[in-house]
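Taken together, the values in this text are just the output of simple stated rules run on the coordinates, not laboratory data. Worth saying up front: this structure is predicted, and the values here are computed from it rather than measured. Every residue, glycine among them, receives a Cβ derived from its backbone with ideal geometry; neighbour counts consider all protein chains shown.
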Ligand SMILES: Cc1cc2nc3c(=O)[nH]c(=O)nc-3n(C[C@H](O)[C@H](O)[C@H](O)COP(=O)(O)OP(=O)(O)OC[C@H]3O[C@@H](n4cnc5c(N)ncnc54)[C@H](O)[C@@H]3O)c2cc1C
């Protein structure tokens, strides 16, 4: 009997998990291929919501999706671990040893064989070599980092409560991450407000958030009118928005701008630009762009190896680069889900992936949101804002959940989240 083809998906994020679930249904269930997902962690989170975890306005226990249950429901296998290198000659990946939180060894370093591999390991913050950022700034690239920020945010708030002082937070990067985080922090403080008088006998401290953007406007990927309106909304909340502000260095007291201005900040967040995780450098000498992303053809196949595909933030289409967004990651995963079965079963080449821009959405907490409409439609280039845009932002996450849980369980999850708002505070207070 012909041995099953081995398909390895590295990274269970926006692209990787939905791809594993789809291929599990089309190939895994019929035993046409063995699908294995590898991820550094045990659970998936929808990364565009990380700023809400960081602010504590979303309970991350409910919003983590276990890889193990997904694997058993969708006919794929799951292994925890970090892929640290790829041996292209012998078609195998090397996983680093897996340790428990107390440091004890759980799993030795392992190798796993593949016939086809899909790399979907996402991205991390790019500090562009700015001095002091590594030592003095927090990033929000994964759940661990979001939780570290949240812990520090709550402790600094407590300190400010106790001393009746103000809390300064500076965020570098006026893209979707920085802008949404600035608003979400204010939302967290608004929710805390009614509790504070009873618990601490004091009014909440004043939060002073400064958003630093090197370019002339925030949200540069959106139309100018959206950038302007979002800046006004943030300023109405009390956020200081500084555009054309280039950060030269960070230290333990704040940021130093190129013009010498010092921006004081107790908490410093770096959310300016992304690069691929450094580990791509050890992935079998694959060609990378200057930010470490794996160079691919338009069919998402590496330019060096037709058994290796790369999708989402860790990849870069050589002749038609796309932004590192969830929309791109999702469309690329859907493309491979559609075409990999024929590639695996009959060797049919995967066709080029054509990206369809479906617009973009940004939500500023509970305060406002903007959604741009896709080009090429009668409304092309327009945008809408307010409640409907905020709901559209939420819809993207719920659609993702429904795709993974199935329609009815997705709806039940939505309903139970709503029910929970009646029994728990909608901000993390512990
Ligand atoms: C706070 C925030 C807000 C955002 N908001 C938006 C938004 O509003 N709209 C939008 O379109 N985009 C947004 N983005 C960007 C969006 O989240 C990413 O573009 C998207 O998640 C990329 O998907 P991905 O599958 O490539 O990677 P990810 O979703 O990041 O998944 C990568 C996975 O790989 C795993 N992994 C990493 N390295 C390894 C390794 N060596 N071995 C094994 N596993 C590994 C990780 O654990 C993770 O599960 C936001 C990002 C952030 C941080």
Compactness summary of region 133-270: radius of gyration and Dmax from Cα atoms, Å, are 15.1, 45
What is the calculated FRET efficiency for residue 111 to residue 66, with r their C-beta to C-beta distance and R₀ = 22 Å, to the nearest 0.05? 0.30
Cβ density ranking, 10 Å radius, fewest first, applied to 130, 69 yields 69, 130
For residue 288 and residue 102, extending 7 Å from Cα along the Cα-Cβ vector and measuring point to point gives, in nm, a value of 3.6 nm
In the chain, what percentage of the DSSP-assigned beta bridges are antiparallel, given to the nearest 5? 50 percent
Mind giving me the nanometre distance, one decimal, between the label points for residue 303 and residue 373, set 7 Å out from Cα along Cα→Cβ? 3.8 nm
Highest GNM mean-square fluctuation among 76, 149, 161, for the chain with Cα springs under 10 Å, belongs to 161
Likely footprinting exposure, 22, 214, 388, 426, fewest C-beta neighbours within 10 Å first: 388, 426, 214, 22
Counting alpha carbon pairs within less than 8 Å and at least 6 residues apart, what relative contact order, in whole percent, applies to region 361-422? 24 percent
Note down, for region 274-415, the three equivalent ellipsoid semi-axes (square root of 5 times each alpha carbon gyration tensor eigenvalue), biggest first, whole angstrom. 31, 19, 16
Can you work out the base-10 log of I(q)/I(0) for the chain at q = 0.08, 0.12 1/Å, using the Debye formula on its C-alpha atoms alone? -0.47, -1.07
Using only the alpha-carbon atoms, how far is helix 387-405 inclined from the longest principal axis of the chain? Give it as 0 to 90 degrees, nearest 10. 30 degrees
Please report, in cubic angstrom per residue, the volume enclosed by the convex hull of the alpha-carbon atoms of region 316-369. 98 Å³
Taking all pairs of distinct alpha-carbon atoms in region 361-422, Kirkwood radius in angstrom: 13.0 Å
Using Cα pairs under 8 angstrom and six or more residues apart, how large is the relative contact order of the chain, in percent? 16 percent
Normalised contact order of region 175-294, rounded percent, pairs of Cα under 8 Å and 6 or more residues apart: 19 percent
Can you give the calculated 222 nm mean residue ellipticity of the chain, where each DSSP H run of n ≥ 4 adds -39,500 (n - 2.57) and the sum is split over every residue, rounded to the nearest 500 deg cm²/dmol? -11000 deg cm²/dmol
Return one number: the angle in degrees, 0 to 90 and rounded to the nearest 10, between the long axis of the Cα atoms of helix 14-23 and the longest principal axis of the Cα atoms of the chain. 30 degrees
Length gain on complete extension for the stretch residue 32 to residue 355, per 0.36 nm per residue less the alpha carbon to alpha carbon distance? 113.4 nm
With the alpha-carbon atoms as the only input, what is the per residue convex hull volume for region 209-287 in Å³? 139 Å³
Could you line up 280, 26, 203, 243 from fewest to most neighbouring Cβ atoms inside 10 Å? 203, 243, 26, 280
How far apart, in nm, are the 7 Å Cα→Cβ label points at residue 422 and residue 252? 5.0 nm
The chain: angle of helix 326-346 to the longest principal axis, Cα-based, in degrees nearest 10: 10 degrees
From the square roots a ≥ b ≥ c of the eigenvalues of the alpha-carbon gyration tensor of region 1-116, which class results: rounded (a/c under 1.5), prolate (a/b over b/c), or oblate? oblate
